[in-house]
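The values are calculated or read from the model by the stated rules, or taken from the named source; none is laboratory data. Computed from a prediction, not measured in an experiment: that's the story for all the values here. With ideal geometry, Cβ positions are generated from the backbone for all residues, glycine too; neighbour counts draw on all protein chains shown.
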Amino acid sequence: MSPTPGDPTDRREVLNDLTSGSICLALAAGLAAVHFSQAGRLHENFGAEPGPAMLPQLLLCVLGLAGLGLLLRGLVGIRRARGAASRREDDGIGLWPVVCALVVVSLFLPMKAAIGAALALVAVGAALGSLAGWKEERPPMRSALEGAAVAAVLFVVFRFMLFVPLR
Amino acid sequence: MMEIFSGVTGVMTNPTLLGLSLLGVVLGLIFGALPGISSTMALAVMLPFTYGMETPAAMMLMLGVFFASVYAGSISAILLNIPGTPGAMITLLDGHAMARSGRAAEAMSYALIASLFGGVIGWVLMVILAPTIASYALHFGSPEYAAVVFFGLALVAYASSGDTLRGLAAGAIGLLVGVVGRDEISDVPRFTFGAADLQGGIDIIPLAIGVFGIAEALSVLSRKKGAAEPMQTRSQRTWPPLRDLVPEIPTALRGSAVGAFVGAIPAAGSAVAVALAYAIEKRLSKNPAAFGTGLPRGVVAPESANNACVGGALIPMMTLGIPGDSITAILIGVLLLHGLRPGPGLFESQPDLIVTIYSALFVAILLTGLVAATIGLPVFRRVLSLPQRILVTGVLLLCLLGAFSVRNATVDVWVAIFFGGVGFAFIRLGVPVLPLAFGAVLGPILEENLRRTLMIHRDWLVFLERPVSLALISISVVVLVGPPIVRLLSNTRGRKLK
């Protein structure tokens, strides 16, 4: 059964098309700007022999065309869905645990440089544990301890059993 | 054949050789099951231990690590949605879907049985057809290699069963990721943004860890409180009954044949083989839409192909002295360390060693089955009985450590985190991530062979003048264009009927 115009699945798909199409176009344009502004040998002898610029240019064209196609399909979809694609089912507020998790894992390397890999990993593990525990409505302290314990075990495995130079 | 039989018996009755093979298998299973520790790295870590060994002993250890780690790549793909190797990237489609519906142990059993089946078929083909397959692989020039890679990408677009336009965009992004770094031919930097760490390019393993592992953990975290859908842990069974296994035999046979032949093509490797095996099964299925939803056939096809590739990859190594990939390059290194040069001469000068290599691989296959079935599966299945908060925390930490372990480089951790965010965005937007990962794997091979072809022939028509590349390109076009046209026609017919 095909989705009806008011169907939320259809609306979400329209919005997904519009968003992914815009991102692809922006990415293609941004990368094209970087590519064409690069000085040096990148663009030398392009016509004479296929140089290092050939595949990137071909791929940027494909990406741009795919983005354009997605955007056009989204715009056609809006008309078909009679403007119902104005709101998403779940808003961005529900994404805060994801943003927090990304921030926490991104802190691993700076912390590793500052306090050492073992402590950094345990701290990151504790933070991730309490974040994941919050989703299950567990006491944060207990979840943090569990996360720290997981981190400690993994550190021992990688550092002392697999000889990964974690310092 | 009798020599090989007596060789296998000889190994089985020699405690030292058997012990080394067993050690290799156990280490291979541990290394392979950990995200970020690839088969190549496992072999590289073990290489120094072979310095003081006799050649047969060294090959026993190394081939044990090799085969077991290739199989074990499926474990993290099934349990954690993190493929340990490019060869396991297709397995996660149905394997992880099975795990999410409480059939993780069964999925791992299917993967193990298919791996052993593929391993044995690949081994048989290696023993019987090595010279023939090697000569066919030798006829491949750069136009054929480029066409094989294009074919592989088309198959991934077909296998990932997503929207064609979104798949195309994801594939283009993946291929663009593949060109980041210094160009191999002209040494010109591309898309490095002036960062020294990007000059060497983006490694595929941290990228896969990000788009599959981190993105999956993030999407678990993004579920609403209380609506968290924990992975079902109470599996009904571990081993599938015989009546379920019998219908999978043709799938395993096809997958194994594909794996052995594609594995024998240097540089094509397991990524193309698993995509081809999966696409063939999907094409032959009466219900192709069920692929990706947790179908055992979706595990059997890629796993049999992936492990048959082991035998296939050894064919050009032994018969021509050509390393098909980084793993066989290390194995060649082992032989060179012991004063042996692999190639046609090896068969005449060292026939005993050839028998030993054949025997070592066969024993490794047997021991992998034994160890994985008796110890591996019961231990690995316990992973899913952990509470979800511990699993999510563990996966994210494992991703960080796994990414760092690839080259002991901090840039790989940043790559994994970045692509974790990208993968999560892809999931939210309904864009398939598989073409992104495969594009990054196959991009450099495609570019190298495409440019080499055009430099030599100076004409794009060369791809249509050579029968193999013409056939591969034609099939790729049909695979890419066929399904949307069929869909369009059936939609038009449906509207007319209304």
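General observations
- Candidates B:ALA425, B:ALA409, B:ALA403, B:ALA416, filtered to the one that is in contact with a Cys (Cβ under 8 Å, 6 or more places away or on another chain) and either more than 30 Å from B:SER142 (Cα to Cα) or hydroxyl-bearing (Ser, Thr, Tyr) (or both): B:ALA416
- Subset of the range A:115-150 (residues that are at the interface with chain B (Cβ under 9 Å from one of its Cβ atoms), in a helix (DSSP H, G or I) and among the basic types (Lys, Arg)): A:LYS135
- Positions within the range B:334-350 being under 26 Å from the mean Cα position of the chain (by Cα) and modelled with pLDDT under 80, in sequence order: B:PRO342, B:GLY343
- Residue match in the range B:466-488 (condition: within 12 Å of another protein chain (Cβ to nearest Cβ), under 15 Å from A:PRO50 (Cβ atoms) and either among the charged types (D, E, K, R) or part of a helix (DSSP H, G or I) (or both)): no
- Verdict on B:LEU207 being at pLDDT 85 or above, within 9 Å of another protein chain (Cβ to nearest Cβ) and in contact with a helix residue (DSSP H, G or I) (Cβ under 7 Å, 6 or more places away or on another chain): no
- Only residues that are more than 20 Å from the chain's Cα centre (by Cα) and surrounded by fewer than 24 Cβ atoms within 10 Å (Cβ to Cβ) were counted in the range B:151-166, giving 4.
- Flag if B:GLY494 is in a helix (DSSP H, G or I) and in contact with a helix residue (DSSP H, G or I) (Cβ under 7 Å, 6 or more places away or on another chain): no
- Pairs linking a residue in the range B:176-201 that is more than 18 Å from B:ALA437 (Cα to Cα) and free of Cβ contacts under 8 Å to residues at least 40 places away in the same chain to a residue that is among the aromatic types (Phe, Trp, Tyr) and loosely packed, with under 15 Cβ neighbours inside 10 Å, with Cβ atoms under 8 Å and 6 or more positions apart or on different chains, do not occur.
- Test for A:LEU102: is it in contact (Cβ under 8 Å) with a residue 24 or more places away in the chain and either within 10 Å of chain B (Cβ to nearest Cβ) or assigned to a loop (DSSP other than H, G, I, E, B) (or both): no
- Residues (of a type outside the set (A, V, I, L, M) and either assigned to a helix (DSSP H, G or I) or facing another protein chain (nearest Cβ under 9 Å) (or both)) located in the range A:151-167: A:PHE155, A:PHE158, A:ARG159, A:PHE160, A:PHE163, A:PRO165
- Members of the range B:442-460 found to be buried (at least 24 other Cβ atoms within 10 Å of the Cβ) and within 21 Å of B:THR85 (Cβ to Cβ), listed by number: B:LEU442, B:GLY443
- Subset of the range B:266-281 that is modelled with pLDDT under 85 and either buried (at least 24 other Cβ atoms within 10 Å of the Cβ) or touching a Cys at 6+ places or on another chain (Cβ under 6 Å) (or both) - its residue that is nearest to B:MET89 (Cα to Cα): B:ALA271
- The range A:43-61 - residue that is buried (at least 19 other Cβ atoms within 10 Å of the Cβ) and facing chain B (nearest Cβ under 7 Å) and, of those, modelled with the lowest pLDDT: A:PRO50
- When the residues of the range A:14-34 are filtered to those that are more than 14 Å from A:LEU68 (Cα to Cα) and facing chain B (nearest Cβ under 7 Å), the one that is modelled with the highest pLDDT is A:LEU31.
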